[in-house]
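Peer 1: This is the structure I want to talk about, given as structure tokens.
Computed from the coordinates by the stated procedures, all read-outs in this text should not be read as laboratory data. Predicted, not measured: the structure shown is a model, and the values here were computed from it. Don't worry about glycine lacking a Cβ; one is built from the backbone with ideal geometry, like all the others, and counts go over all protein chains shown.
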Amino acid sequence: MQTLFKNGTLITAEGAYRADLLIADGKIAQIAAQIAPTAATEVVDCTGRWLLPGGVDVHTHFDLPVSGTRSSDDFFSGGRAAAFGGTTTHIDFAIQSKGGTLRAAYEAWRAKAEGRAVIDYGLHMTITDLNETVEAEIAQMRDLGITSLKLLMAYKGSVMVDDATLFRVMQLAAQHDLLVMTHCENGDAIAQLQADFVAQGKVAPRYHALSRPAVLEAEATGRALALAEVAGCALYVVHITCEGAVEALRSARKRGVRAMGETCIQYLYLTAEALDQPDFEGAKYVCSPPLRTAHDVQVLRAALSDGTLQVLSTDHCPFWFAGGVEGRLAGKELGRDAFTKIPNGVPSVEERLKLSAGLLEASRWVAVNCTQPARIFGLYPRKGALVIGADADLVIWNPQKEGVISARTHHMQVDYSIFEGLTYRGAPERVYLRGKLIVLGDQWLGEAGQGEYLHRNTSAWL
Ligand SMILES: [Zn+2]
């Protein structure tokens, strides 16, 4: 089965050029100025359209158990929503339970995806509890196809690790050539601020942001960078949200630390004022780190353009606003009495490409959404690039198509959109996964279980 895409403009991380592109047996087979179809070739006219590699979202939480509930998108609904937005690969986080093995976490997350995944996926390993068994398992991670280890410096009493654990994992990561990923916030100080607010009766959603000041993210980012520098490991800071953290990363990179960073689409649009909305509506915007200021939004946009940040992801982790009814999982309502009980996370996996298209020059847009995430997380050149032999994960993008984001039309399994009413220009018309057409306009053509697990290679340092 061959499909020929004629007359389109290929957008890559290096630039844009007019070419025809032929796919065969699920791979990109040929790219040339003119390719003549044979009788058996299906031809897709791409006049006025862009061809991009399928998006790679390296930060999602499908089917994530949190206290009292789970995120509302699983590997089927979340993957389908991602595909509608032009994303064909994601990396989710397997999370070690306290006292559990990494192997058990890996198997639990593979089981969630089994028979459900609709786009290709890999896993990071989140370490919450280090002991001798786990240290030995870290040396074996590569055999499971996992080359990145995540640690959280926040969420005290739950998944947070102390500096001793963080530093030891960094040393082991350096030894085994694994990438360390850190959620950087000072969890000790945050836990105290949360307790103070609750004791004062300050329990509304807005106190979520006030209990997690930007300076505590900047401090933890600087600390993680310093520890990584000494341990000699490569570090990737997830969901950077504020100027102080961007500056810490910039200065570490300048002095030669192998450090990289991402931000997420919500931090490029929204600010902490969203949490002030009345009638508990602010809970819709509760995520960690929290939304910041309009100034931070501008700093993050600039950092993504100038290369200080290498990746745009989503940290997609949706919860129903009105959960616990009509067969829904419990959701944000769990925190009506206190902001500390609001499940943390927002829905955004579907909107990343559409909402970042207008913010970045086209090749930079493909770089941060597709190519660089694939390179940093050991998926390149199979994913994230329009090159011969790569998987035929393709997005046919109509740069003129305009629309309005709304919960009424999105495909994420959640009853609200944090981007409700925002307009966009440019959207996917066709999405292919390994040569198979899975999204055609508003039509879903994929099937549960078609997504494959990806064994990842060593990270590149960008
Ligand atoms: Zn996350």
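Peer 1: How far is the Cα center of the stretch 149-186 from the Cα center of the stretch 384-402, in Å?
Peer 2: After rounding, the separation between the Cα centres reads 35 Å.
Peer 1: To the nearest 20 Debye, how big is the dipole of the stretch 300-411 about its Cα centre, given +1 on the beta carbon of each Lys and Arg and -1 on that of each Asp and Glu?
Peer 2: Approximately 40 debye in magnitude.
Peer 1: Tilt of helix 243-254 relative to the longest C-alpha principal axis of the chain, in degrees (0 to 90, nearest 10)?
Peer 2: 70 degrees
Peer 1: Which of LEU275, MET153, VAL431 sits closest to the plus end of the dipole of the chain, meaning its Cα is farthest towards the positive end, when Lys and Arg get +1 and Asp and Glu get -1 on the C-beta?
Peer 2: VAL431
Peer 1: When only C-alpha pairs under 8 Å and at least 6 residues apart count, what is the relative contact order of the stretch 55-114, in percent? Before the final figure, lay out each step's value.
Peer 2: Numbers: 61 pairs, mean separation 21.9, N = 60.
Here the relative contact order equals 36 percent.
Peer 1: Can you compute the equivalent ellipsoid semi-axes for the stretch 22-170, i.e. the square root of 5 times each eigenvalue of the Cα gyration tensor, sorted largest first and rounded to whole Å? Write out the running numbers ahead of the final one.
Peer 2: On the way: eigenvalues 305, 59, 38 Å².
One finds semi-axes of 39, 17, 14 Å for the stretch 22-170.
Peer 1: Show me 319-331, 29-41 ranked by packing, highest mean number of other Cβ atoms within 10 Å first.
Peer 2: Order by mean packing, descending: 319-331, 29-41.
Peer 1: Of all DSSP beta bridges in the chain, what percent run antiparallel (nearest 5)?
Peer 2: 45 percent
Peer 1: For the stretch 347-364 and the stretch 190-228, what is the separation of their Cα centres, given in Å?
Peer 2: What the calculation gives is 29 Å, centre to centre.
Peer 1: Quote to one decimal, in nm, the extra length available between HIS295 and GLU361 on full extension: 0.36 nm per residue of separation minus the C-alpha distance between them.
Peer 2: 21.7 nm
Peer 1: Going by amide H atoms built from the backbone, whose H comes under 5 Å of the H on ALA259, apart from near neighbours?
Peer 2: LEU235
Peer 1: Explain nothing, just the number: relative contact order of the chain, from Cα pairs under 8 Å at least 6 residues apart, as a whole percent.
Peer 2: 22 percent
Peer 1: I've got another one for you. What number, in percent, do you get for the relative contact order of the stretch 206-362 if the mean sequence gap of Cα pairs under 8 Å and at least 6 apart is divided by its residue count?
Peer 2: Computed value for the stretch 206-362: 23 percent relative contact order.
Peer 1: Could you name the aspartates and glutamates in cross-link range of LYS401, using Cα to Cα under 12 Å and dropping any fewer than eight places away on the same chain?
Peer 2: Result set, ordered by chain and number: GLU429.
Peer 1: With axes computed from alpha carbons, what is the tilt in degrees of helix 294-306 against the longest principal axis of the chain, rounded to the nearest 10 within 0 to 90?
Peer 2: 50 degrees
Peer 1: Just list whichever of LYS112/LYS436; LYS354/LYS436; LYS332/LYS383; LYS156/LYS354 have alpha carbons separated by over 25 Å in the model shown.
Peer 2: Values: LYS112/LYS436 23 Å; LYS354/LYS436 22 Å; LYS332/LYS383 35 Å; LYS156/LYS354 35 Å.
In this structure, LYS332/LYS383; LYS156/LYS354 lie more than 25 Å apart at Cα.
Peer 1: Still on this structure: In whole Hz and in residue order, list the ³J(HN,Hα) couplings for the stretch 337-347 that follow from phi through the Karplus curve 6.51 cos²θ - 1.76 cosθ + 1.60, θ = phi - 60°; x for Gly and Pro.
Peer 2: Result, ordered by residue: 7, 7, 4, 5, 9, 6, x, 7, x, 9, x Hz.
Peer 1: Taking one equal scatterer on every alpha-carbon of the stretch 55-373, how large is log10 of I(q)/I(0) by Debye at q = 0.15 1/Å?
Peer 2: Ignoring solvent entirely, the Cα scatterers give -1.31.
Peer 1: Report the Cα centroid-to-centroid distance between the stretch 267-291 and the stretch 24-81 in angstrom, as an integer.
Peer 2: One Cα centre to the other: 30 Å.
Peer 1: Right, something else. If you fit an axis through the alpha-carbon atoms of helix 102-113 and take the longest principal axis of the Cα set of the chain, what angle between them do you get, 0 to 90°, nearest 10?
Peer 2: Relative to the chain, helix 102-113 is tipped by roughly 50 degrees.
Peer 1: Give me the dipole magnitude in Debye, nearest 20, for the chain about the Cα centre, with unit charges on the beta carbon: positive for Lys and Arg, negative for Asp and Glu.
Peer 2: 580 debye
Peer 1: Sorted by packing (mean other beta-carbon atoms within 10 Å per residue), highest first, where do 65-78, 397-410 land?
Peer 2: Listed from highest to lowest mean packing, they are 65-78, 397-410.
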